[in-house]
Amino acid sequence: MEAGTVKKIAIAILIPLLLIFLVAVGAAIWYFVIYEPPERVMEKALVAARSRDEERFKEYFSKASVRALEGSWTGESYGRSGSWGAMMAGIMEPSGAPPTIVETELTEEGDRAKVKLRLRDQRRTVYFINEDGDWRFDVLSGVNVGVSEEARAAKKVEIDPEKAKKEEKFSEEPKKRGWWKKD
């Protein structure tokens with residue numbers, strides 16, 4: 001084999017290997033330095049809470065959550081139980097230690113997450129939403145889930161099977177009469 005041929009083969013092998021290496025380094029930098037999964041956002045929020053840094057703590061909430069929280073902290077409750085300070089104190093153990101993160105679940109779409117933790121000897125779930133590429137606390141999801149669970153618990157009344165059949169028949173009637181048609 002000629003020296004020129006060996007050189008061409010070496011270059012043909014080294015260039016793809018170098019590209020693969022650069023992509024791997026870039027992915028590692030993105031994942032370990034730039035990307036913040038929900039657990040890391042939770043940990044950073046806990047650091048802000050421990051240092052009582054309200055502005056930094058507030059940055060970890062979605063825009064809609066900030067509006068909803070600050071809109072609800074009015075009147076007599078503001079300053080007592082409804083404030084950023086109260087929220088920061090509420091996510092810490094009485095000893096000042098952070099809660100223990102137990103598990104993280106992402107939705108299939110990848111735009112929402114749940115971080116389950118143990119706080120004050122109880123399991124809690126913190127909801128996240130991916131907002132503009134960053135994970136942020138989503139208190140509205142937690143409120144909606146809580147309302148749904150309360151509604152389910154309140155509906156422990158047995159459903160009358162006869163009434164259910166009538167309602168089902170009634171819901172079918174518009175389709176039969178043509179009041180509602182598929183596009």
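Identify the single condition in (1) modelled with pLDDT of 85 or more; (2) surrounded by 11 or more Cβ atoms within 10 Å (Cβ to Cβ) that residue 16 does not satisfy, given that it satisfies every other one.
The single condition residue 16 does not satisfy is (2).
Looking at (1) over 21 Å from residue 67 (Cβ atoms); (2) aliphatic (A, V, I, L, M); (3) out of contact with any helix residue (DSSP H, G or I) (no Cβ under 6 Å at 6 or more places or on another chain), find the lone condition where residue 87 falls short.
Only one criterion in (1) over 21 Å from residue 67 (Cβ atoms); (2) aliphatic (A, V, I, L, M); (3) out of contact with any helix residue (DSSP H, G or I) (no Cβ under 6 Å at 6 or more places or on another chain) is unmet by residue 87, namely (1).
Exactly one of these conditions fails for residue 71: (1) exposed (fewer than 10 other Cβ atoms within 10 Å of the Cβ); (2) at pLDDT below 80. Give me its number.
Checking residue 71 against (1) exposed (fewer than 10 other Cβ atoms within 10 Å of the Cβ); (2) at pLDDT below 80, the one that fails is (2).
The values are calculated or read from the model by the stated rules, or taken from the named source; none is laboratory data. From a predicted model like this one, the values you see are computed outputs, not experimental measurements. Using ideal geometry, Cβ is built from the backbone for each residue, glycine included, and neighbour counts are taken over all protein chains shown.
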